[in-house]
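Okay, structure first, notes after.
The values are calculated or read from the model by the stated rules, or taken from the named source; none is laboratory data. None of the values given here were measured: they were computed from a predicted structure. Cβ placement follows ideal geometry from the backbone for every residue including glycine, while neighbour counts extend to all protein chains displayed.
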Amino acid sequence: MTQNDRPARPKVIVTRRLPEAVEARMTELFEVRLNADDRPFDRAALVEAVRDADVLVPTVTDTIDAELLARAGDRLRLIANFGAGTDHLDLAAARARGIIVTNTPGVLTEDTADLVMALILAVPRRLAEGEKMLRAGEWTGWSPTSLMGHSVTGKKLGILGMGRIGRAVALRARACGLTIHYHNRNRMPEAAERDLGALYWSDLDAMLAEVDVLTINAPYSRETHHMIDARRLALMKPDAYLINAARGAIVDQDALIEALQNKVISGAGLDVFPREPEVDPRLLPLPNVVLLPHMGSATFEGRTAMGTKVIANIRTWADGHRPPDQVLEGWA
Ligand code: 8YV
């Protein structure tokens, strides 16, 4: 134990395989248990981990709920999440047990925004359809009317959730000639709106009727659950597209599938799903949808930086200080 009662070499249990350099550094610094075969922990393994560890390092694939935390050992004092989103963690239950929760904000902003921008371009321009046709040997040559999509330049982008990622998307989208519209719990300061050329809509419904592409970049919470439902999809233009690289359950997936099937909107780009890794089979035959396996932050640089943040949070905590990325309930 150090003077502050926190173990100098804490027992850290990591639920998934992390980039090599991150694991190597963790091994130097902590008494660490890694997950070499990368199989996600089942409930029994999670129970054992929370009983045994000083520090748990989970990811989005672990559900850390109140029932699990009720079975945690007294030594569990820190949950150092590998990832920015914390909707898979019961923050109130952790706080009630005196467990600190940290996350990894900031370091996956640009990569996630790149992926969102790629979808904003790929879906209206039908890139995935063209690629699939070519690979299937079905391309018979250039034609003046085949695979026509919609221009992106000059269109209106609606950003739902103007946090770090939303703002990084706005910067990219402006460079591609889109105008920026946004809806957020809080309006940005005037100077930030001016910098991004962003128009605030306090009324989400009104914004939905106006925009050509909607991108969801909000955290998942009780407030954002099914925020985009059948009624709101029906407000969108028939030529509009929806992009979601935030959390699947912000959109009512049944309503979205119906909207796509019935051409209520023109297409979608989805990097996230309500019950990952389950993908609703009704999405698969839809040509106007690009489906990705939750890879918004999947870069060597980003994932290594996320690991570095996890390590910094654990070390700062072990030194008796408040970790830099402590998640405060209600601010996630
Ligand atoms: C991460 C994400 O890769 O950080 C997040 O919230 O959604 C992803 O980009 C994942 O959460 C890792 O746990």
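Structure notes:
- Enumerated helices (runs of 4 or more DSSP H) restricted to region 130-218, each holding at least 3 residues that are under 14 Å from LEU119 (Cα atoms) and not assigned by TED's automatic domain parsing to the domain that holds ALA84: 164-175
- Positions within region 152-166 being surrounded by fewer than 23 Cβ atoms within 10 Å (Cβ to Cβ) and in contact with a helix residue (DSSP H, G or I) (Cβ under 8 Å, 6 or more places away or on another chain), in sequence order: VAL152, LYS156, ARG164
To keep it simple, each residue is scored yes or no on (1) part of a helix (DSSP H, G or I); (2) within 16 Å of the ligand (Cβ to nearest atom); (3) not assigned by TED's automatic domain parsing to the domain that holds VAL57.
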residue: ALA246; (1), (2), (3): no, yes, yes
residue: ASP254; (1), (2), (3): yes, no, yes
residue: ALA259; (1), (2), (3): yes, no, yes
residue: VAL264; (1), (2), (3): no, no, yes
residue: GLY269; (1), (2), (3): no, yes, yes
residue: VAL272; (1), (2), (3): no, yes, yes
residue: GLU278; (1), (2), (3): no, no, yes
residue: ALA305; (1), (2), (3): yes, yes, no
residue: LEU328; (1), (2), (3): no, no, yes
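- One residue alone among ALA80, ALA84, ALA53, ALA49 is within 16 Å of the ligand (Cβ to nearest atom) and under 18 Å from ASP319 (Cα atoms), and that residue is ALA80.
- Some residue of region 286-298 being among the hydroxyl-bearing types (Ser, Thr, Tyr), out of contact with any His (no Cβ under 6 Å at 6 or more places or on another chain) and over 19 Å from ALA218 (Cβ atoms): no
- Residues satisfying the stated conditions in region 100-114, i.e. within 9 Å of the ligand (Cβ to nearest atom) and in a helix (DSSP H, G or I): ASP111, THR112
- Helices (runs of 4 or more DSSP H) wholly inside region 1-82 that include at least 2 residues being over 24 Å from the mean Cα position of the chain (by Cα) and within 30 Å of PRO293 (Cβ to Cβ): 20-29, 43-52
- Check on ASP229, acidic (Asp, Glu), out of contact with any Cys (no Cβ under 9 Å at 6 or more places or on another chain), away from the ligand (no atom under 16 Å from the Cβ) and closer than 19 Å to GLU129 by Cα: no
- Filtered by the rule that a residue be more than 28 Å from GLU23 (Cβ to Cβ) and either in a strand (DSSP E or B) or under 19 Å from the mean Cα position of the chain (by Cα) (or both), region 281-300 gives VAL289, VAL290, LEU291.
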